[in-house]
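These notes concern the structure reproduced below.
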Amino acid sequence: MMWRRVAAALVFVFALGWATPAQAAVRVLYYDASQAQEFVAVVNQGAQIWNSRVSNVRLEPVPAGRSPNIRVYADNGWPRTYTTSLGNGRWYMGRDAVNDGYYPPRIAAHEFGHILGLPDRRTGLCSDLMSGSSAPVSCTNANPSSTEAATVNRLFGTSVSVPAGYFTERAS
């Protein structure tokens, strides 16, 4: 009888020691698109694009009574983002880029990318979401590359700190 108890205890201890680490809880970021005017649906589309590509963070419309992590506005300038910390800040859906022919869902997904910790990478490649306005105006790829998605998953899977920043799409 004693031998069974010891064996059961050892099995339990070994199971604990070899168990795979627990997955980090998904971080939910709430966004407020109520000031995005005619671009509300595009903002929601940009959020859904990220939600379909990453697993450590989700972008959700802010529920009533809760403060948003992200505020989204529309104006007549160029798209731009102001981050206060990883997952927090505000961004603008600038009509200048839309009027120039840039694809609105790509703009929205790109600006959310800044909130999620990604800088501009002016590679000129349509396959790189964070290449922004350096990609051709005809580019309609609104999906992050596998590297961009993996970077966001890594940032939200750890306690890494991302400094506040300002990002604008206007090419110099």
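Just so you know, all these numbers are worked out from the coordinates, no wet-lab data involved. Note that the structure is predicted; figures quoted are calculated from it, not measured. Glycine also receives a Cβ, built like all others from the backbone with ideal geometry; neighbour counts cover every protein chain displayed.
Below are the figures for this structure:
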| read-out | value |
| --- | --- |
| In sequence order, calculated HN-Hα J values of the stretch 27-41 (Karplus, 6.51, -1.76, 1.60; Hz; x Gly/Pro) | 8, 9, 10, 9, 10, 10, 9, 5, 9, 7, 6, 6, 9, 4, 5 |
| Counted charge near VAL54, where neighbours are those whose Cβ lies closer than 14 Å (Asp, Glu -1; Lys, Arg +1) | +2 |
| Column: log10 I(q)/I(0), Debye, Cα scatterers of the stretch 25-168, q = 0.14 Å⁻¹ | -0.57 |
| Amide H contacts under 5 Å for ALA135, placed H, 5+ residues apart | GLY124 |
| Additional length obtainable on full extension of the chain from THR84 to SER52, 0.36 nm per residue less Cα span | 9.1 nm |
| Expected-Rg normalisation [2.2 N^0.38 Å, Cα atoms] applied to the stretch 112-163 | 1.17 |
| ³J(HN,Hα) computed for each position of the stretch 145-151 - Karplus, 6.51 cos²θ - 1.76 cosθ + 1.60, integer Hz, glycine/proline x | 5, 4, 5, 5, 5, 5, 5 |
| Amide H contacts under 5 Å for TYR73, placed H, 5+ residues apart | TRP91, TYR92, MET93 |
